[in-house]
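Chemist: Below is the structure I would like to discuss, written out as structure tokens.
No value in this document is a laboratory result; all are computed from the given coordinates. In this text, all values refer to a predicted model and were calculated from it rather than measured experimentally. When we count neighbours, we look across all protein chains shown, and the Cβ atoms used for this are built from the backbone with ideal geometry, even at glycine.
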Amino acid sequence: MKIFKQAPALIAALLLVTTAGTGYAADKPTDPQIAHIAYTAGDLDIKAAKLALEKSKNKSVRAFADDMVRDHQSVNDKALALVKKLGVTPEDNDTSKGLVKQAEGKRAELEKLSGDAFDKAYAQNEVAYHKTVNGALETTLIPSSSNGELKSLLQTGLKVFQGHEKHAEGMVKELK
Amino acid sequence: MRLAFGLAIGLVSLQLPAGARSALAETLVQVKITDLAFSPPEITVHAGDKVEWVNDDFLDHTATATGQDWDVDIAANKSASLQMTKTGTFEYFCRVHPNMTGKIIVVPK
């Protein structure tokens, strides 16, 4: 299944923080790291959407990409306002770095494609990407966050991204 | 004083015969959007009534009928309304976040 080709690398990147070292409790990400991971995940999807807006002529794909830019920007603006309010400085970490590296690889693949092939690959990657990020939010980032407001924003983010995942699934079906 | 006046109007309205209802101004029924959910998720209105979606989220949403009868954009922290002219049961969702769903049952006046 091509759709899940990128998933193992992405899962590995998202789980780096929790699997490195000797145990979950000792290695769970800190709030500054969680904020950085969540922001990075949103930012990478904005970049992917901007690529889609450059390359795609498909109305549904462009509408989806517009939604991704707007929604992820809104969530990231909220996240920035929150870290400022809390006096937290987002901290770069191996998980964020892994996400960026994986996204760069995917971008290089997508840049080579055009027309229907690009649209399908972008749509499939959006399903896989949101699925993996949502899994990480549910199993690691939300349970590990200490601050109540950060946890609440991540929970809202999870609902938003679950919506995106379903929207992307609809787009994949439409493009078949 | 204002409360008593409002209550009096409410009582008068309740005593009106069913047939007199059409003579009154259209009813506005609100659906709140909070934390990516329509609340209440299901409402019943009369044909001619207006449904107003009040978006308390910081994100844009839509109320889109699955049968494509209507499609309403509801900007972040804004409201949008639609007059329900056709009777029937309308399932709807948000185009951007299709995990948000609702239902409007429109009955005759």
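Chemist: Report the local net charge at A:S144: Lys and Arg +1, Asp and Glu -1, summed over other residues whose C-beta lies under 14 Å from its C-beta.
Modeler: My count for the surroundings of A:S144 gives -2.
Chemist: Sticking with this structure for a sec: Which of the aspartates and glutamates could a cross-linker bridge to B:K109, judged by Cα under 15 Å and excluding same-chain residues fewer than eight apart?
Modeler: B:E26, B:D49
Chemist: Out of residues 5 or more away from B:F90 or on other chains, whose amide H comes under 5 Å of its own, with H placed 1.01 Å from N in the peptide plane?
Modeler: Correct list: B:I104, B:I105, B:V106.
Chemist: Which of the trypsin sites (Lys or Arg not before Pro) found in region A:112-170 are in a DSSP loop and have at most 16 neighbouring Cβ atoms, other than their own, within 10 Å?
Modeler: A:K112
Chemist: At 7 Å along the Cα-to-beta-carbon direction for both B:T85 and A:L82, put a label point, then send me their distance in nm to one decimal.
Modeler: With each label point 7 Å from Cα toward Cβ, the separation is 4.3 nm.
Chemist: Also, quick follow-up: I'd like to compare A:168-175, A:122-129: which one has the highest average count of other Cβ atoms within 10 Å, and what's the full order after that?
Modeler: Averaged packing, sorted descending, gives the order A:122-129, A:168-175.
Chemist: Right, here's the next one. For chain A, what is the calculated [θ] at 222 nm in deg cm²/dmol (nearest 500), taking -39500 (n - 2.57) for each run of four or more DSSP H residues and dividing by its residue count?
Modeler: That comes out to -27000 deg cm²/dmol.
Chemist: Just tell me which lysines come within less than 20 Å, Cα to Cα, of A:K84; anything on the same chain fewer than 8 places away is out.
Modeler: Reachable lysines: A:K151.
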